[in-house]
């Protein structure tokens, strides 16, 4: 699926670059953006190390165990087949907690840690398990309770009430998350045991 | 409200380290051990980042976005989505920084408290950069077949976009 997406975007950019007479910009982006990706990865490496380190402390001190007992009902509902005290389940809970608190920078490393744990217990190597897919879907939707960046930009643009969007954001994101979960549960059957 | 959000990160860090110290965990050594893993992970996701960001960058600069905006106009009208926010809806799942630029443009042009400004705000606040998340999360694993991940995530995005407009109609 990602291969199709990758190819599709590249072919479309060539096609539209020619049609719109923007080939110069397209070729500049090709050169610049791959270096930008490296810069981004280096920036990400800092938070990645910070949160991987903190995660290790939380594991050894059993803080993650405490959190996972708190979230057990939610986990039972979403990740049916995952043992509640597995390393993967604990990592998922840390990831979801970081998302709720709006710690987007922390959520990514914690989520990646959870993906690696899920991969270890996945029976079919190289193929996403239902749990992996669901975790990614939860992270592509926004679980953040208070969209601080958006509110800050609204304030900067002169909004009289930057936070007034909150109820609407909650409604939209909860419907979005709910449909993502349902879609993941439903589509998992359509995509069988490894058809791409 | 933004006052509270400033506290969350430092408090979370101190809480984790402090709790570890109370439980007599060698916090510094544990941290270094974990951080070393973080470095490996960062290197693992780099190839996926390069592939995705380059493709998205080329796509954006080719002007392909204009055609998608044009093609989606009737759909947006049908669903009461203001057409000014269509570029944001298309760019939001593929490029975080690109979406931020368009979002700021919309706020500047129509005002943050206008209907269009509010819908754009709700959209921006209620979704994440889908392609980036998929690339980075799977990039750290050896998974090649992502199965139903992308269709499910896009379903959530599409519902989120339409709900953004409806939520502003209903609630604000």
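The share of alpha-carbon pairs in region A:13-99 lying farther apart than 16 Å comes to 66%. Helix A:130-140 against the longest principal axis of chain A: what's the angle in degrees, Cα atoms only, rounded to the nearest 10? Once rounded, one gets 60 degrees.
Using alpha carbons only, what's the Rg to Rh ratio of the protein assembly as shown with Rh from Kirkwood? That ratio equals 0.96. With R₀ set to 22 Å, the beta-carbon distance separating residue B:32 from residue A:100 gives a calculated FRET efficiency near 0.20.
With chain B treated as a Gaussian network of Cα nodes joined by springs under 10 Å, which of B:142, B:36, B:24 yields the largest mean-square fluctuation? Residue with maximal mean-square fluctuation among B:142, B:36, B:24: B:24.
The alpha carbons of region A:1-61 occupy a box of 59, 25, 12 Å along the principal axes, longest dimension given first. From the square roots a ≥ b ≥ c of the eigenvalues of the alpha-carbon gyration tensor of region B:39-171, which class results: rounded (a/c under 1.5), prolate (a/b over b/c), or oblate? Since a/c reaches 1.5 and a/b is larger than b/c, the shape of region B:39-171 is classed as prolate.
Each of A:71, B:28, B:161 has some number of other Cβ atoms within 10 Å of its Cβ, and from fewest to most they run B:28, A:71, B:161.
Ordered by the number of other Cβ atoms lying within 10 Å of each residue's own Cβ, fewest first, A:129, A:61, B:152 fall into the sequence A:129, A:61, B:152.
Straightening the chain between residue B:169 and residue B:6 buys 55.6 nm, computed as 0.36 nm per residue apart minus the Cα-Cα spacing. Which of rounded, prolate or oblate describes region A:93-196 when judged by the alpha-carbon gyration tensor and an a/c cut-off of 1.5? Prolate is the answer for region A:93-196, as a/c is 1.5 or above and a/b outweighs b/c.
Counting, for every residue in B:12-21, the Cβ atoms of other protein chains within 10 Å of its Cβ and taking the mean gives 5.
Ellipsoid semi-axes for chain A, based on the Cα gyration tensor and the rule √(5λ), read 31, 25, 20 Å when sorted largest first.
For the residues A:106, A:41, A:128, a GNM of chain A with alpha-carbon springs under 10 Å puts the largest fluctuation on A:41. Between residue B:114 and residue B:24, the modelled label-to-label distance comes to 6.5 nm, taking each label 7 Å out from Cα in the direction of the beta carbon. Rounded to the nearest 10 degrees, the angle from helix B:149-171 to the longest Cα principal axis of chain B is 60 degrees. Cβ crowding within 10 Å, taken as a proxy for footprinting-reagent exposure, orders B:58, A:55, A:163 from fewest neighbours to most as A:163, B:58, A:55.
Placing R0 at 22 angstrom, the Cβ-Cβ distance between residue B:70 and residue B:101 gives a FRET efficiency of 0.65 after rounding to 0.05. The angle separating the long axis of helix B:130-139 from the principal Cα axis of greatest extent in chain B is about 30 degrees.
Under the criterion of Cα pairs below 8 Å and six or more residues apart, the relative contact order for region B:42-172 equals 29 percent. Between the alpha-carbon centres of region B:105-143 and region A:1-43 there is a gap of 20 Å. Largest mean-square fluctuation among A:164, A:24, A:131, in a Gaussian network model of chain A whose springs join Cα atoms under 10 Å apart, belongs to A:24. For peptide A:78-91, the mean count of partner chain Cβ atoms within 10 Å of a residue's Cβ comes to 0. The mean number of Cβ atoms from other chains found within 10 Å of a Cβ in peptide A:130-138 is 6, as a whole number.
Where a number appears in this text, it was derived from the coordinates with a stated rule and is not lab data. What you see is a predicted model, and the numbers here were worked out from it, not measured in a lab. Please note: Cβ atoms are built from the backbone with ideal geometry, for glycine as well, and neighbour counts cover all protein chains shown.
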